[in-house]
Amino acid sequence: MKKCAIVIPSFNEGLRVTKTILDLSQVLQEVSQEFRFELVVVDDCSSEPVNVTQQGIGFPIYILRHTINLGQGAALETGFAFCRKNLKPDYVATVDADGQHNAKDIIRFLRHLEKENLDILFATRFKKSPHIPWMRKVILKMASRFELFITGLNLSDAHNGFRVFNYKCLEQLKLTQNRMAHATEIKQIVASKKLNYAELENSITYSQESLQKGQSNLGALLILKDLLNSYLFDR
């Protein structure tokens, strides 16, 4: 049976991350004969630390904590490093902590990854999530064009936190971008290592809370700043 680690970076998500974990457990237990799941939650120095018990959860949970806030990219790298050292999973999925991703997509993406013999499967929200705020859509499309220029990967959705990849890809994903520019860094690594990739639609459920805490225009400019610094000076 193939093993899949699910890495969830979390910062000040409160009860949302608990609900996300319970929803994942309920859905993924339906395919427990097909995949064995392990959950890695990385608490990026939340004001109220993530506190989830094993009770009622159908698979192991590991909670890692940063003592200072480092950013989502750093939280992912902490989770990836833990997986490389301790879990050695066949596959890894990354999921946002706020519950906007659909747990059933993990199963669908894993099956597609295996069927197509891919190293990584990126997600796009533009086919299954029609109610994307127009400004968010414009920012994401502009970021995708920039990513095409610096990575050569023609993908439609920049900074979608949902993705699934194999252990070969995990070994290469040693992230240096601590904050949101990590999403483009992942694509840069995939391109430079010539990993097999594709894009598949996923569904995202927006709430008022997720819209308020999501990437603002200023956040997009900060991402661009991080990317330009990396592109110009770290090559």
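Only one of the numbered conditions (1) aliphatic (A, V, I, L, M); (2) in contact with a Phe, Trp or Tyr (Cβ under 9 Å, 6 or more places away or on another chain); (3) more than 21 Å from Asn86 (Cβ to Cβ) is not met by Met1, and that is (3). Look at (1) surrounded by fewer than 15 Cβ atoms within 10 Å (Cβ to Cβ); (2) at pLDDT below 75; (3) not acidic (Asp, Glu) and you find that Gly152 fails only one, number (2).
Name every residue in region 76-96 that is crowded, with 22+ Cβ neighbours inside 10 Å and farther than 11 Å from Ile6 by Cα, in order of residue number. Hit for region 76-96 is Glu77, nothing else. Test Val31 against the stated conditions and say whether it is among the aliphatic types (A, V, I, L, M) and surrounded by 20 or more Cβ atoms within 10 Å (Cβ to Cβ). The answer is no for Val31. Taking region 12-28 as the range and being more than 14 Å from Gln54 (Cβ to Cβ), out of contact with any helix residue (DSSP H, G or I) (no Cβ under 9 Å at 6 or more places or on another chain) and without any contact (Cβ under 8 Å) to a residue 40 or more places away in the chain as the test, the residues that pass are Gly14, Leu15. Among the criteria (1) crowded, with 22+ Cβ neighbours inside 10 Å; (2) within 22 Å of Gln172 (Cβ to Cβ), the one Asp119 does not fulfil is (1). The residue pairs whose first member lies in region 174-192 and is small (Gly, Ala, Ser), whose second member is in a helix (DSSP H, G or I) and modelled with pLDDT under 95, and whose beta carbons are closer than 7 Å, counting only pairs six or more residues apart or on different chains, are Ala181/Ile223; Ala181/Asp226; Ala181/Leu227; Ala181/Ser230; Ala191/Thr151. Across region 155-196, the qualifying residues are those that are among the hydroxyl-bearing types (Ser, Thr, Tyr) and surrounded by fewer than 21 Cβ atoms within 10 Å (Cβ to Cβ), and the one among them that is modelled with the highest pLDDT is Tyr167.
The values are calculated or read from the model by the stated rules, or taken from the named source; none is laboratory data. Predicted model only: the values in this text are computed from it and were never measured. Cβ sites come from the backbone with ideal geometry, for glycine too, and all protein chains shown count toward neighbours.
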